[in-house]
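To start, the structure itself, in C-alpha cells.
None of the figures in this text is laboratory data; all of them are computed from the coordinates on show. Note that the coordinates shown come from a computational prediction; the quantities given were computed from them, not determined experimentally. Note that each Cβ is placed from the backbone with ideal geometry, even for glycine, and that neighbours are counted across all protein chains shown.
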Amino acid sequence: MIKPVSVAALPVAENFVIQKNRIENNAGPEAASKRVCVVTGTHGDELEGQYVCARLAKILSDGKQKLSGIVDIYPAVNPLGIDSVTRGFPMFDLDMNRIFPGSSSGSLAEVAAHDIIRDIDGADMCIDIHSSNIFLREVPQVRVSEQNEGALLPFAMMLNVDLVWIHASATVLESTLAHTLNMRGVKTLVVEMGVGMRITESYCSQLLDGILNILRELGIWSGAGGQTRTPLVSKDRNVGFLNSDAGGIFIPRAAHGSHVNTGDSVGIVIDPFTGAIVEETLAPCSGLLFTLREYPVVFGGSLLARIMEDVKNG
Amino acid sequence: MVKDIIYSIKSPYRQSMDIVGYTFGAGERSCCVVGALRGNEIQQMAICAQLVDTLKRLEENGCVIPGKSIMIIPCANTYSMNIGKRFWTMDNTDINRMFPGYDQGETTQRIADGLFKSIRDYVYGIQMASFYREGEFLPHIKVMDTDYGKLETYESLSDFGLPYGLLRTPHPYDTTTLNYNWQVWGCRAYSLFSTYTDHIGKQSMQTAVNAALRFLIAKGILKWTLHRGMHTRILNEESIRTVKAARAGMLKKHVSVGDEVAEGDLLCEIIHPLEGNTIGRIMSPVDGTVFFAYNKQLVMEHTDVFNIVPFSNV
Ligand SMILES: [Zn+2]
C-alpha cells in the first residue's frame with residue numbers, strides 16, 4: 001500500500017510528498033515481528049535503486065504468502081530531485097545526505113529528513129541504495145564505517161555484492177541517513193553501484209538477490225533469491241587512487257570490474273586538438289578495478305579509477 | 001604588493017584557472033582574507049578587490065607595520081564565476097565543503113588543499129562568506145564555537161566594529177568549511193557576512209572593507225586612522241528567533257532587514273499564488289531587529305522567512 005511519509009506545501013498549487021510502498025503479511029508464524037526498509041533516491045541523479053525497488057516491490061507483492069513481516073520501500077527520498085535530474089534537493093544548498101536527522105522546526109528539506117527518520121525508526125534493517133555519480137562507474141559494493149564494522153559486516157557479507165569497503169569515520173558523515181539510523185539502532189547498509197543517471201540491469205539483479213537473501217536470513221521471506229558471490233573486504237587491503245593531473249579526454253584501456261596488474265594501462269588522457277596522449281594512467285598495484293571513470297571530460301584532479309589491492313601472499 | 005599564483009588547475013578547453021593572492025608587507029603571516037569560493041559570491045569578491053586597491057595605497061604610504069604581512073585572495077573560483085554558477089563547473093561540488101582538502105582527490109578537493117596549504121599558517125583568517133540560505137543579512141561577523149576557538153577570538157569580534165558578532169555551534173556539515181579548518185589548524189578565523197551575495201551593495205561593501213581594515217589596525221598589522229565603527233552586540237546564534245512560513249505561496253513583505261519591530265507586528269503576508277487572496281499572516285514573535293529576510297518571491301512551507309534579534313537577551 002502506498003503511504004505518505006512527509007508532506008509539505010510548495011508555493012504554487014502542489015504538495016511535496018515523499019511516499020513509501022508498504023508490503024506486509026501478518027499471517028505468517030512471526031506475525032509482523034520484523035520490518036526491513038529499502039531506501040533510495042536521496043541523490044536525485046542516482047537511479048540504479050529505481051529498478052531494484054520496482055522489482056523488489058513486484059516480487060514481494062506477487063509472493064505475499066511467502067512474506068511474514070513488513071518491507072517498506074522508499075524509492076524517492078528526494079522526489080523533486082529525481083523528477084528534475086538534480087542531485088541535490090532543489091532550492092536547497094546542502095546535500096540532502098548531510099542534514100540527517102533533520103529537524104521538525106527546520107526548512108522543508110530538514111523537516112523531510114526528520115520525517116524519514118521518524119518513519120524508519122524501529123526497523124530491524126535498512127538498505128540505502130546509492131549509485132555513483134555520473135562521472136564514475138562502481139561495482140556493487142557496501143560501504144561501512146569503521147565504527148559500525150562489528151554490527152554491519154556480517155550483513156554486508158550477505159548482500160551479494162562484489163566488495164565491502166570499510167572506511168574511516170568522519171564528522172561530516174555523522175549527518176548521513178545511514179549514520180543517523182545506525183546510531184539509533186537500525187542496522188543500515190549503504191550500497192553504491194553502477195553510474196549516475198543510468199540503470200545497470202545486471203547490477204540491479206545482483207543486488208536484488210542479495211536483498212532477498214537478507215530477507216530470508218532475517219526470516220521474513222521464504223521465496224526465491226540468494227547469494228551467489230562473496231565480496232572482497234577492504235580490511236588489510238590498500239586502495240589505489242588514480243587521478244588525472246592533466247585536462248583532456250579520458251579513454252579507458254582496462255575493463256571495469258576486471259583484475260589488473262601493476263603497471264597495466266588503465267586509461268589515457270588525450271589532447272582533443274592533436275590526439276597526443278597527455279597522460280597514461282598505469283595501475284599502481286594489482287587488484288580489482290572497482291571504480292572506473294565513465295564521463296570522458298577530465299580536469300586536473302579528476303578521479304579516473306580506484307583499485308582494491310590483492311592480498312599479498314606470505 | 002606582490003601578486004602570486006597560489007594554485008592553478010587545468011581544463012581541456014579553458015585557460016587554466018589561477019587562484020591569485022595579493023600580499024602586502026613582509027614577514028610574519030599575520031592575516032589572510034579570502035573572498036569568493038563560490039561563483040555567485042560577487043559581493044565577497046568585490047569587497048576583497050576594494051581591499052586590494054586600498055591596501056596598495058596604504059602600503060605605498062608605509063602603513064603596513066614592518067614585519068607583518070597580509071594576503072588577500074579575492075576569488076578562488078573564477079571558472080564558476082565566469083559561467084554564472086554557484087558551485088563547481090563540472091560536478092556541482094562546493095569548494096567550501098571540501099576543506100582541509102586532499103591533494104590526491106577530486107578537482108575541488110585539490111583546490112581546497114592547494115588553497116588551504118598557502119593560507120593555513122596565518123595568525124588571523126577572515127572569510128568573506130555567504131550563507132546557504134538565500135536572503136539579506138545585517139552585516140555581521142561570526143566565529144565557530146569549537147574546542148579550537150580561543151577566548152581571544154571571541155573577544156576580538158568587536159574589533160570589526162560591526163553591529164553584531166555571532167557565535168555558532170558547528171553542525172557536522174560545518175566541519176568541512178574553510179572557517180572550521182582554519183581553527184583546527186590554529187588560525188583565529190572569522191566569517192564576515194555582508195548583506196548580499198550575487199549583488200554588489202555599495203554601502204554594505206564599504207562596511208565590510210572598513211570592518212576588515214579596522215580589525216587589521218586593532219591587531220597591530222596596519223597603522224592608519226579609521227573611525228571605530230559600531231558597538232558590537234555579541235550573541236549566540238541560537239538566541240536569534242527564526243520566523244517560518246506556515247503556508248506556501250507568494251510572499252508580501254512588510255518589513256526589511258534592519259527594521260525594528262514589536263511583538264505582534266505584521267511581518268509579511270502569504271498570498272494565494274493563483275487566486276490573489278491572503279492565506280497567511282506572519283507576526284513578529286518578539287520585540288527586536290530584523291536580522292535576516294528571505295529575498296525570493298515564492299515561499300514553500302517551513303521556509304525561514306525572517307530572523308529577528310530580540311532587544312533583550314532574556
Ligand atoms: Zn548518493
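Taking amide H positions as placed in the peptide plane 1.01 Å from N, state which residues far from A:V278 in sequence (5 or more) or on other chains have amide H under 5 Å from it.
Long-range HN contacts for A:V278: A:V269, A:I270, A:D271.
Based solely on its DSSP helices, what 222 nm [θ] is calculated for the protein assembly as shown when runs of n ≥ 4 H residues each add -39,500 (n - 2.57) and the sum is averaged over all residues, nearest 500 deg cm²/dmol?
-6500 deg cm²/dmol
Could you tell me what percent of the DSSP beta bridges with both partners in the protein assembly as shown are antiparallel, to the nearest 5?
Among the beta bridges of the protein assembly as shown, antiparallel pairing accounts for roughly 65 percent.
So which cysteines of the protein assembly as shown have no other cysteine's Cβ under 4.7 Å from theirs?
A:C53, A:C204, A:C285, B:C31, B:C32, B:C48, B:C63, B:C75, B:C187, B:C268
Nearest-5 percent of antiparallel DSSP beta bridges in region B:2-236?
So the antiparallel bridges amount to about 35 percent of the total.
Region B:166-314: Rg/Rh from Cα coordinates, Kirkwood Rh?
1.03
Just tell me how shielded A:90-98 is by partners: mean number of partner chain Cβ atoms within 10 Å of each residue's Cβ, no decimals.
Other-chain Cβ atoms within 10 Å of each residue's Cβ, averaged: 4.
Mark the label point 7 Å from the Cα of A:V311 along Cα→Cβ and return the residues of region A:261-292 whose backbone N is within less than 18 Å of it.
Backbone N within reach: A:286-289.
If you take the square roots of the eigenvalues of the alpha-carbon gyration tensor of region B:2-236 and sort them as a ≥ b ≥ c, do you get rounded (a/c under 1.5), prolate (a/b over b/c) or oblate?
Taking the square roots of the gyration eigenvalues as a ≥ b ≥ c, region B:2-236 is rounded.
Give the residue list of chymotrypsin sites (Phe, Trp or Tyr not before Pro) in region B:1-82 that are DSSP loop and have at most 14 other beta-carbon atoms within 10 angstrom.
Answer by residue number: B:Y13.
Taking the Cα centre of region A:1-150 as origin, sum charge times position over the Cβ atoms of Lys and Arg (+1) and Asp and Glu (-1), and report the length of that vector in debye to the nearest 20.
Using only the charged Cβ atoms, the result is roughly 500 debye.
What is the average number of partner chain Cβ atoms found within 10 Å of a Cβ in A:293-304?
Shielding by partners across A:293-304 averages 5.
Can you tell me what share of the DSSP beta bridges in region A:2-232 is antiparallel? A percent to the nearest 5 is fine.
45 percent
Starting from the Cα of A:N238, step 7 Å toward the Cβ, then list every residue of region B:87-108 with an amide N under 20 Å from that point.
B:102-106
In region A:230-282, what is the volume of the convex hull around the alpha carbon atoms, normalised per residue and reported in Å³?
Cα-based convex hull of region A:230-282, divided per residue, equals 92 Å³.
Based on the mean of other beta carbon atoms within 10 Å per residue, what is the order of A:274-286, A:79-91, most packed first?
A:79-91, A:274-286
Please give the charge dipole size of region B:125-257, origin at the Cα centre, charges +1 on K and R Cβ atoms and -1 on D and E Cβ atoms. Round to the nearest 20 debye.
In debye, rounded to 20, region B:125-257 gives about 460.
Give the calculated FRET efficiency between B:R14 and A:A151 to the nearest 0.05, with a Förster radius of 51 Å applied to their Cβ-Cβ distance.
0.60
Obtain the nm distance between the two label points defined at A:R22 and B:D198 by a simple spin-label model: each point lies 7 Å from its Cα along the Cα-to-C-beta direction.
4.2 nm
Nearest 20 debye, what's the magnitude of the dipole of chain B about its Cα centre given +1 on Lys and Arg Cβ and -1 on Asp and Glu Cβ?
It works out to roughly 620 debye.
Read phi for every residue in region A:113-122 and hand back ³J(HN,Hα) as whole Hz from Karplus 6.51 cos²θ - 1.76 cosθ + 1.60, θ = phi - 60°, with x for Gly and Pro.
With coefficients 6.51, -1.76 and 1.60, one gets 4, 4, 5, 5, 4, 4, 6, 7, 2, x Hz.
Show the residues, 5+ positions off or on another chain, whose built amide H is closer than 5 Å to the amide H of B:N295.
Here B:G135, B:E136 satisfy the definition.
Estimate the FRET efficiency between A:L282 and A:S103 by the formula 1/(1 + (r/R0)^6), using the beta-carbon distance for r and 35 Å for R0, to the nearest 0.05.
For R0 = 35 Å, the calculated efficiency reads 0.15.
Could you give me the ³J(HN,Hα) list for region B:271-282, computed from phi with Karplus coefficients 6.51, -1.76, 1.60 and θ = phi - 60°, whole Hz, x at Gly and Pro?
Rounded to whole hertz, the list is 9, 4, x, 10, 10, x, 8, 6, 10, x, 10, 10.
Work out the mean other chain Cβ neighbour count within 10 Å for the residues of A:167-176 and drop it here as an integer.
Partner-chain Cβ atoms within 10 Å, mean over residues of A:167-176: 3.
Among all the lysines, which ones have a C-alpha under 22 Å from B:K56's C-alpha, if same-chain residues fewer than 8 places away are not counted?
Qualifying lysines at Cα under 22 Å: B:K3, B:K68, B:K202, B:K219, B:K223.
Taking 25 Å as R0, compute the FRET efficiency from the Cβ-Cβ separation of A:T86 and A:I2 and round it to 0.05.
0.60
May I ask you to evaluate 6.51 cos²θ - 1.76 cosθ + 1.60, the Karplus curve with θ = phi - 60°, for each residue of region B:113-126 and list the ³J(HN,Hα) values in order in whole Hz, giving x for glycine and proline?
Those phi angles translate into 5, x, 5, 5, 4, 8, 10, 6, 8, 6, 5, 10, x, 10 Hz.
From the C-alpha gyration tensor of the protein assembly as shown, pull out the three semi-axes of the equivalent ellipsoid (sqrt of 5λ each), sorted largest to smallest, in whole Å.
Equivalent-ellipsoid dimensions as semi-axes: 45, 34, 20 Å.
Count the lysine pairs in region A:2-232 that are 8 or more places apart or on different chains: how many have C-alpha atoms under 15 angstrom apart?
6
Which chymotrypsin sites (Phe, Trp or Tyr not before Pro) in region A:215-314 sit in a loop by DSSP (not H, G, I, E or B) and have at most 10 other Cβ atoms within 10 Å of their own Cβ?
In loop regions of region A:215-314 (DSSP not H, G, I, E or B), the sparsely surrounded chymotrypsin sites (Phe, Trp or Tyr not before Pro) are A:F273.
Test of understanding: in a Gaussian network model of chain B with alpha carbons linked when under 10 Å, which of B:E134, B:E60, B:E41 would top the mean-square fluctuation ranking?
B:E60
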